[in-house]
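The values are calculated or read from the model by the stated rules, or taken from the named source; none is laboratory data. What you see is a predicted model, and the numbers here were worked out from it, not measured in a lab. Please note: Cβ atoms are built from the backbone with ideal geometry, for glycine as well, and neighbour counts cover all protein chains shown.
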Amino acid sequence: MNQATMSAANDNLIVAIDLGSSKTVVLVAEITGNGLRYRGHGVSESRGSRKGVIVDLERAVASIQKAVEQAENSAGAPVERAIVGIGGAHVRGVNSQGGISLGLKAREISRDEIRQAVEKARAIPLPADREVLHLLPQEFVLDEQSGIHDPLGMMATRLEVRVHILTAASSAVQNVVTAVNRAGVEVQDTVYEPLACADSVLRNDEREVGVCLADIGAGSTEMIVFHEGAVAHTAVIPIGGDHFTSDLTVGLATPGVEAEKIKRTYGNAVVTLIPEGNEVEVPSVGDRPSRMVQQRFVGEILEPRARELFEMMRVNLRQAGMLDLCAGGCVLSGGGTRLAGILDVAESTLRRPVRVSWPTPMAKMPRTLAEPEFATVLGMAMYWHRARIARGMQEDRWSSKFKAWFARKGA
């Protein structure tokens, strides 16, 4: 295969990289006439990333390189460019509104005027160390008439736009980009991970009626609320799967690796769901022998942490005025959903219907990827594919600067 043919073939590939707190995942998908088709993937243990932030650059690079090498071998193609996920507590979202007056007499709205209104909404004061990650339109308002998705060509005297602006710490984003670049991969774009995750787990009717997606990762839980098809709220709760493991490590006086095994095998977030009398062998630290403890004791350690997580979610949603908008309830994603009983705790605490999500599979994808912990990386590929299609569809109508913004409209 010559260089030109290889380049054309690679243009049909989408590579997504998810740098999680527990693992780094690289997914390679191929664009076909029928959508996306799985080509390969690689997974390595995360060493230098914690809660969405690079804490050890060299170890993070090594982790990415290992996952990339696996993905290349699996896909039978080189990984040269990728879309990379951004997450963590440093990402913050805010709703903003801006508009322009078109004069005393109603006139037709042009794309330049739409751009001016968007720029007004975007013009919020930002500290020097923060950057805009996404500008997500919610709706346009024409002469106080709301709910308009595309005002081009319509008549009005005033044009306003409501947007959700996601900002991130510039240093945190740059460190992620640097780590991926040093691993030999060019970063095509960055995407907020819960926004991408939504592409693989949420249904259109849920986005319309109102839903909260909670991605329970190892280091934190990231939330994104959709209402009337648009992003209405984003937040990060500083509790993830690792906190449950740490509680067991302390409460059972056992090594962290053993605590993780016990959590996965015997853990339950609802004590009363554990049969009385069941016992679990718990390895001790040092040279001390293992001992037997009641399985319910494991649940007594895990249940308070689970209730704390969902209580913090409920408070966050209520304070933001979002709880009543989530008529479609809550969708849970991420590796943290594997804890037995977590659905029961979520429903009883949030007092909303809750379901655990399973990512939409793509053609030829192995069943091992059809798990909640791979929803984000799968969603990233789907998000990027949809954005490319949206950019192409708008080619004749929008300037290049505005196209990039508009491509995220359906996200």
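Of the strands (runs of 3 or more DSSP E) that lie entirely inside the range 40-159, those containing 1 or more residues that are touching a Lys or Arg at 6+ places or on another chain (Cβ under 7 Å) and closer than 30 Å to residue 183 by Cα span 130-142. Within the range 328-343, the only residue that satisfies the criterion of being surrounded by fewer than 22 Cβ atoms within 10 Å (Cβ to Cβ) and either out of contact with any helix residue (DSSP H, G or I) (no Cβ under 9 Å at 6 or more places or on another chain) or modelled with pLDDT under 95 (or both) is 338. Answer yes or no as to whether residue 139 is farther than 22 Å from residue 85 by Cα, at pLDDT 95 or above and within 27 Å of the chain's Cα centre (by Cα). The answer is no for residue 139.
So which residues in the range 155-175 are aliphatic (A, V, I, L, M), farther than 23 Å from residue 87 by Cα and surrounded by 15 or more Cβ atoms within 10 Å (Cβ to Cβ), if there are any at all? Scanning the range 155-175 gives 156, 159, 161. In the set (1) under 22 Å from the mean Cα position of the chain (by Cα); (2) modelled with pLDDT under 95, residue 167 fails one condition alone, (2). Note on the range 74-108: among residues that are among the β-branched types (Val, Ile, Thr) and closer than 28 Å to residue 126 by Cα, the one that is surrounded by the fewest Cβ atoms within 10 Å (Cβ to Cβ) is 94.
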